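Asks: What follows is a single structure, and I will ask about it in a moment.
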Amino acid sequence: MKYKIPEIENPKEIVESMKKFKPYFIKAAEGMEKGLRFGDGGIKLGELPRNILLPFHLFLWICRTNEVIENLNIILHDLELLRRKPHYLPGSQRVRYFLLLRIFFYEFFRVKEISNFYLERLKELGVMEHEDFSKIKSYIYKLFKKTLKIRNGLVHKDTSPSGTNLEFHNVFSIYESGFKIVDKKTGVERKWEDSLNNACESSLNILSNEGKRMSEIMQAVFSFWNKTITNMV
């Protein structure tokens, strides 16, 4: 797959810590068989020792981030499919294209929400002070500020880098109205499929690059927290 965002790799220390987690999981599962409550639909683990609890939270943070990346890659795949086979799926190609863009950014910004949640948990567990917590949240916000600007340009069609979104929107809208655009000099029709191809290709490059940037940044964040937590436990 040409356009693919790499998933986060679990640090080896976290993998080793998760091996120690197995007995606690088995004990909790056995307790559920004896009629203990299911809670919110998951297994109630009870209290975990600190040397397992801290790596476990980092492990969950990585898993949820990778869940977002997996979703983003599915969207990139669908955009590529729309580019190569515009008539393959039913419905308006224009609506589908801009819907995929909006869904991509909705998922993308979930990384910030997920990070805030687990940073809050680490603060509660005494891994950081409130001042450090605020600084890190501010840093994460700045990382996504550039992406927000890109999102506004692509989704709102008016400031996209090459103007391909605005062109596709206009060409397809004219086509949907029962008309077509023809060059006065050459008589060649401007096909909406060509405009869609250009828009998809431009967006695929932009979105995959932003996704890769996010993945690299989060990999560095997890490496930092892995070292911090490893020193604490």
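FYI, it's all coordinate maths here, none of it is from the lab. From a predicted model like this one, the values you see are computed outputs, not experimental measurements. Backbone-built Cβ (ideal geometry, glycine too); neighbour counts: all protein chains shown.
Asks: Please sort 143-152, 186-195 by packing, taking for each peptide the average over its residues of neighbouring beta carbons within 10 angstrom, highest first.
Replies: 143-152, 186-195
Asks: Further, regarding this structure: With labels modelled as points extended 7 Å from the Cα through the Cβ direction, what inter-label distance (nm, one decimal) is found for Phe109 paired with Lys142?
Replies: If labels sit at Phe109 and Lys142, their model points lie 2.1 nm apart.
Asks: Any idea what the dipole of the range 47-121 comes to, in debye rounded to 20, about its Cα centre with Lys/Arg Cβ at +1 and Asp/Glu Cβ at -1? Before the final figure, lay out each step's value.
Replies: Working: 11 positive and 8 negative charges, 77 e Å.
Charge dipole of the range 47-121: 380 debye, to the nearest 20.
Asks: Check cross-link reach from Lys123 to the aspartates and glutamates: straight Cα distance under 20 Å, and skip same-chain residues fewer than eight apart.
Replies: Once the sequence-local aspartates and glutamates are set aside, what remains near Lys123 is Glu47, Glu113, Glu131, Asp132.
Asks: A further question follows. If you place +1 on the Cβ of every Lys and Arg, -1 on the Cβ of every Asp and Glu, and leave all else neutral, what size is the dipole of the range 108-233 about its Cα centre, to the nearest 20 Debye? Walk me through the numbers on the way to the answer.
Replies: Details: 20 positive and 16 negative charges, 46 e Å.
That gives the range 108-233 a dipole magnitude of about 220 debye.
Asks: How big is the gap, in Å, between the Cα center of the range 98-149 and the Cα center of the range 189-228?
Replies: 18 Å
Asks: Rounded to whole Å and ordered largest first, report the semi-axes of the equivalent ellipsoid of the range 60-112 derived from its Cα gyration tensor (root of 5λ).
Replies: 25, 11, 6
Asks: Quick one: Cα convex hull volume of the range 81-203, Å³ per residue? If you can, show how the numbers build up before the last one.
Replies: On the way: hull volume 15.2 nm³, N = 123.
In the range 81-203, the Cα hull volume divided by residue count equals 123 Å³.
Asks: Give the cross-link partners of Lys149 among the aspartates and glutamates, using a straight C-alpha distance below 14 Å as the criterion and excluding same-chain residues fewer than 8 apart.
Replies: Within the straight-line cut-off, Lys149 pairs with Asp158, Glu210.
Asks: Would you be so kind as to identify which of Asn73, Ile62, Ser92 lies farthest towards the positive end of the dipole of the range 53-98, taking Lys and Arg as +1 and Asp and Glu as -1 on Cβ and the Cα centre as origin?
Replies: Ser92
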